[in-house]
Amino acid sequence: MNERTASPRFHALIPCAGTGSRAGTLQPKQYQQVAGQPMVMHTLQALALVPRLTSGWVILSPDDTHAWTEQGWPVHFQRLTCGGISRAQSVFNGLQAMLSAGLDPMDWVLVHDAARCLVSPESVTRLIDTCQHDAVGGLLALPLPDTLKSEEGGRVLATVPREHKWLAQTPQMFRLQALHDALAAVAASGFAGITDEASAMERLGLKPRLVEGSAQNFKVTYPADFALAEAILGSKA
């Protein structure tokens, strides 16, 4: 085992090539102004405060036209225009770029949604500390807090037991090569059925570790979410 493999490093990968059609914004939602700057900048700045993250890789669409500013940009992060037509494709392309750049295949990669701008450095550090010696890896998640219903025709079909059910969040942390290979195995299908990185690993029969996150680490998806994110960021400021 070489020295690099004996002491793997930790890298963030942020897919940032989506359009966010449900957000109701005129531009991709990650660039919508929230608390004085594009939402994605809050995300990157939070990740930059995690001491153990060696680098950050922001994966943009090849036709990205956002006017990036270097003010507030983390110096150990970089932007790559290799995003794909889906989130999974963007992550896969980003992983390929990281490996091509010479990163150790045994390094850990933490994939995080650009729209989860309220992630706390403390929760990311907790994920790293919990999973760094795990055989598979893991993800931040929340135990389901509410009663869960299934529906049929717009009416309740049944109440579903919520025990042992979690809401998946990000970051999701796996070995660089292992995650790349898990996604490569379904690339030909257009990544059918892959809704997050954990689902790609699960497809191989692996069981990622669940690490409790925070309710504030929600994904800004709908118009009302922007106001909530703005209020929380404003209260922290």
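Nothing in this text is a laboratory measurement; each read-out follows from the coordinates by a stated rule. Keep in mind that what you see is a predicted model, and the values were worked out from it rather than measured. Reconstructed Cβ throughout: ideal geometry from the backbone, glycine too, with neighbour counts over all protein chains shown.
Among the conditions (1) assigned to a strand (DSSP E or B); (2) farther than 26 Å from Ala35 by Cβ, Asp129 misses just one, which is (1). Cβ contacts < 8 Å: first residue in contact (Cβ under 8 Å) with a residue 40 or more places away in the chain and part of a strand (DSSP E or B), restricted to segment 72-84; second residue crowded, with 16+ Cβ neighbours inside 10 Å and not aliphatic (A, V, I, L, M), any location; separation 6+ or different chain. Result? Filtered contacts from segment 72-84: Phe77/Ser55; Phe77/Gly56; Phe77/Trp57.
If the condition is being within 27 Å of Met201 (Cβ to Cβ) and more than 16 Å from the chain's Cα centre (by Cα), then segment 62-77 contributes only His76.
All of Pro62, Pro74 fail the test of being more than 14 Å from Leu44 (Cβ to Cβ) and either surrounded by 16 or more Cβ atoms within 10 Å (Cβ to Cβ) or touching a Gly at 6+ places or on another chain (Cβ under 9 Å) (or both), apart from Pro62. Selection of segment 76-103 for residues being within 22 Å of Thr125 (Cβ to Cβ) and touching a Ser or Thr at 6+ places or on another chain (Cβ under 6 Å) yields only His76. Cβ separations smaller than 7 Å between residues 6+ apart or across chains give no pair from segment 196-217 residues that are of a type in the set (Phe, Trp, Tyr) to residues that are crowded, with 16+ Cβ neighbours inside 10 Å. Under the condition of being in a strand (DSSP E or B) and free of Cβ contacts under 8 Å to residues at least 12 places away in the same chain, which residue from segment 155-189 is farthest from Ser199 (Cα to Cα)? Top of the filtered list is Arg155. Here is the figure for segment 183-218: residues that are crowded, with 17+ Cβ neighbours inside 10 Å and under 22 Å from Val40 (Cβ atoms) total 5.
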